[in-house]
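Undergrad: Dumping the structure here so I can ask a few things about it.
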């Protein structure tokens with residue numbers, strides 16, 4: 001029962017995506033092409049975020065802590 | 001935008017109103033309530049994004065068609081013309097080929113009954129994505145009609161009151177086979193013209209066979225080179241065509257905006273014609289009574305004040321407002337309580353509220369006499385057909401009460417009631433509605449092209465309601481809308497059915513963009529729980 005409602009909700013969500021992004025008026029092969037391209041772009045964004053964001057955060061943290069550390073050594 | 005209007009005195013009395021003493025001032029104490037709400041930002045962004053995706057796919061399909069990978073069903077030039085100036089490369093043809101064709105099944109739907117409150121639609125399907133259609137043979141019966149301009153419900157099947165039309169058909173036949181100047185002026189036309197003049201409370205009127213041609217053929221007869229035409233931004237194509245054909249200089253003012261019009265008038269009077277600085281021969285202001293795409297009513301008192309101050313002429317096209325606006329259906333002049341003699345040219349059509357076809361121009365007797373001689377339509381176009389003239393005579397007598405009943409007046413009042421009810425309920429539901437609260441044409445904004453197609457198909461196939469959706473180029477690109485025409489022959493149950501269907505469709509497609517608070521009146525909602533949206 002719950003699974004059916006979840007599936008209904010997702011199919012409604014997919015319908016909303018289709019009418020907002022003009023996919024509802026495209027032919028099926030164009031829809032598949034558009035969905036493929038969009039999913040590829042999203043996958044690439046997710047992968048890049050997964051690989052690079054922790055490294056960038058660590059580098060930024062080190063950079064700022066070095067500045068604060070520099071201040072504190074001057075103060076000393 | 002709310003505007004307070006100062007009192008206007010009117011010594012004229014139109015039929016059907018309670019008699020007032022001559023000379024007593026008539027106060028227009030209603031506020032003009034119009035709303036043109038803007039869409040939320042995310043809606044506009046999504047709309048442009050959807051058009052962007054559609055354009056990209058359009059380029060892709062054009063590329064495939066050009067290189068022969070896909071069969072081309074659209075219009076192309078012949079092989080011998082390939083090196084000439086291209087015919088089909090501008091944006092409008094691109095839009096038609098790639099965007100309009102995909103959702104084309106929502107327009108030009110054939111119907112097979114009279115356009116009354118309920119009608120029958122022929123079912124058609126397409127096998128190749130709307131390039132060709134075929135009829136399945138089935139008929140979708142009893143579809144609620146929210147698209148026909150049937151404001152007073154006079155465009156319906158034959159009933160006993162139409163007996164006079166049958167008699168006229170027997171005596172006069174169907175065709176006139178001549179123009180007004182030659183042998184085409186019948187006594188029916190004279191009777192009709194006298195009746196129209198009496199209805200509008202003016203000196204004289206002239207009728208023409210076609211409403212569009214009334215505008216496009218008579219404006220060139222009234223103005224010419226050396227004259228100035230100030231026309232509203234959103235005027236109908238017939239007015240624009242007539243203005244261009246006349247050869248006069250055309251300047252456009254912002255829609256219903258009196259400040260913009262005043263600025264143009266001042267510049268015209270101060271600076272005169274462009275190079276020679278001579279005074280303009282005539283300045284003609286072209287407006288419409290009710291604008292059908294926006295649902296707005298013209299701000300007539302302010303425009304009349306401007307007209308008197310700057311000595312210009314006023315031409316009002318009352319195609320959608322005659323018979324539908326005003327306490328007894330006499331049009332915008334009666335709606336504002338003004339004297340129809342103050343407007344120079346009153347034009348209207350018989351297509352919308354009278355269930356016939358054709359147009360009229362009314363005003364002072366010397367104006368109408370001039371048009372009888374000089375109008376292009378009178379010289380070259382066939383005059384109105386006699387059964388249609390009789391239908392208009394019948395409708396006019398019905399509305400004025402000359403047939404002995406008060407049904408005509410009741411219908412006008414029923415239309416006003418239906419309009420206010422429909423608009424109020426739609427605003428409460430949270431849709432964005434444009435226009436004046438008294439205009440019987442109700443545009444409901446849809447914005448996104450995918451939703452436009454889904455809305456029209458869903459309403460016809462699931463809910464059996466026929467609606468008209470409008471997109472580019474009739475409206476701006478980002479403001480696609482559905483346009484409802486409320487009619488006096490819609491009963492309360494029909495309107496409630498339509499409103500319920502709109503409620504469900506609005507929730508399914510998420511169309512309720514309005515940011516105004518909904519009024520909490522429990523008896524109008526059937527639901528038992530109150531959930532505040534967004």
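Each reported figure results from applying straightforward, stated rules to the coordinates on display, with no laboratory input. All values derive from a computational prediction rather than experimental measurement. With ideal geometry, Cβ positions are generated from the backbone for all residues, glycine too; neighbour counts draw on all protein chains shown.
Undergrad: To the nearest 0.05, what FRET efficiency results for residue B:77 and residue B:357 with a Förster distance of 30 Å applied to their C-beta separation?
TA: Computed FRET efficiency for residue B:77 and residue B:357 comes out at 0.20.
Undergrad: Let me ask another. Obtain the nm distance between the two label points defined at residue B:244 and residue B:161 by a simple spin-label model: each point lies 7 Å from its Cα along the Cα-to-C-beta direction.
TA: 4.1 nm
Undergrad: I would also like to ask the following. Just to verify a number: FRET efficiency for residue B:365 and residue B:421, C-beta to C-beta distance, R0 = 35 Å, to 0.05?
TA: Efficiency, from the Cβ-Cβ distance: 0.25.
Undergrad: Let me ask something else. Suppose each label sits 7 Å from its Cα in the direction of the beta carbon; what would the residue B:70-residue B:55 distance come out to in nanometres?
TA: Each label point lies 7 Å from its Cα, and together they span 1.8 nm.
Undergrad: Related question: Packing-wise, with mean Cβ within 10 Å as the measure, how do B:281-293, B:332-344, A:9-21, B:249-261 rank, highest first?
TA: Result, highest mean first: B:281-293, B:332-344, B:249-261, A:9-21.
Undergrad: List B:231, A:65 from most exposed to least, where exposure is judged by having the fewest other Cβ atoms within 10 Å.
TA: Final ranking by Cβ density, sparse to dense: A:65, B:231.
Undergrad: So how much slack lies between residue B:402 and residue B:107, counting 0.36 nm per residue of separation and subtracting their Cα-Cα distance, in nm?
TA: Full extension of this stretch gives 102.3 nm more.
Undergrad: Here is a further query. Translational D (Stokes-Einstein, µm²/s) of the stretch B:426-521 at 37 °C and 0.692 mPa s when Rh comes from the Kirkwood sum over C-alpha pairs?
TA: Estimated diffusion coefficient is 237 µm²/s.
Undergrad: Here is a follow-up. What does the helix-only formula give at 222 nm for chain B: each DSSP H stretch with n ≥ 4 adding -39500 (n - 2.57), the total divided by the residues, and the result rounded to the nearest 500 deg cm²/dmol?
TA: -11000 deg cm²/dmol
Undergrad: Now a separate question. Could you list A:68, B:227, B:485 in order of exposure, starting from the residue whose Cβ has the fewest other Cβ atoms within 10 Å?
TA: A:68, B:227, B:485
Undergrad: For a label point 7 Å from the Cα of residue B:96 along Cα→C-beta, name the residues of the stretch B:470-484 whose backbone N is under 15 Å from it.
TA: The answer is B:472-474, whose backbone nitrogens lie closer than 15 Å to the label point.
Undergrad: To continue, here is another question. What percent do you get for the relative contact order of chain B when only Cα pairs under 8 Å and 6+ apart count?
TA: 18 percent
Undergrad: What length, rounded to one decimal in nm, is gained on full extension from residue B:44 through to residue B:341, with 0.36 nm per residue of separation minus their alpha-carbon distance?
TA: Result: 102.5 nm gained on full extension.
Undergrad: State whether the stretch B:283-429 is rounded, prolate or oblate according to the following rule on the C-alpha gyration tensor (a ≥ b ≥ c being the square roots of its eigenvalues): a/c under 1.5 gives rounded; otherwise a/b larger than b/c gives prolate, and the remaining case gives oblate.
TA: It comes out oblate by the Cα gyration axes.
Undergrad: Could I have the simple spin-label model distance between residue B:275 and residue B:141, label points 7 Å from Cα toward Cβ, reported in nm to one decimal?
TA: 7.0 nm
Undergrad: Taking 45 Å as R0, compute the FRET efficiency from the Cβ-Cβ separation of residue A:39 and residue A:65 and round it to 0.05.
TA: 0.70
Undergrad: Based on other C-beta atoms within 10 Å, arrange B:79, B:463, B:308 from fewest to most.
TA: B:79, B:308, B:463
Undergrad: Out of every Cα-Cα pair in the protein assembly as shown, what percent are more than 44 Å apart?
TA: 31 percent
Undergrad: What span do the alpha-carbon atoms of the stretch B:251-339 cover on each of the three principal axes, reported in whole Å from largest to smallest?
TA: Extents along the principal axes: 47, 27, 19 Å.
Undergrad: Once you have the Kirkwood Rh of the stretch A:3-75 from its Cα pairs, apply Stokes-Einstein at 10 °C and 1.306 mPa s and quote D in µm²/s.
TA: Answer from the Stokes-Einstein relation: 97 µm²/s.
Undergrad: Quick check on chain B: take the gyration tensor over C-alpha atoms, sort the square-rooted eigenvalues as a ≥ b ≥ c, and tell me if it's rounded (a/c under 1.5), prolate or oblate.
TA: Cα axes put chain B in the rounded bin.
Undergrad: Roughly how crowded by other chains is peptide A:27-33, in terms of the mean Cβ count from those chains within 10 Å of each of its Cβ atoms?
TA: Other-chain Cβ atoms within 10 Å of each residue's Cβ, averaged: 2.
Undergrad: To continue, here is another question. So what is the 222 nm mean residue ellipticity for chain A from helices alone, if each DSSP H run of at least 4 adds -39500 (n - 2.57) and you divide by all residues, rounding to the nearest 500 deg cm²/dmol?
TA: So the calculated ellipticity at 222 nm is -32000 deg cm²/dmol.
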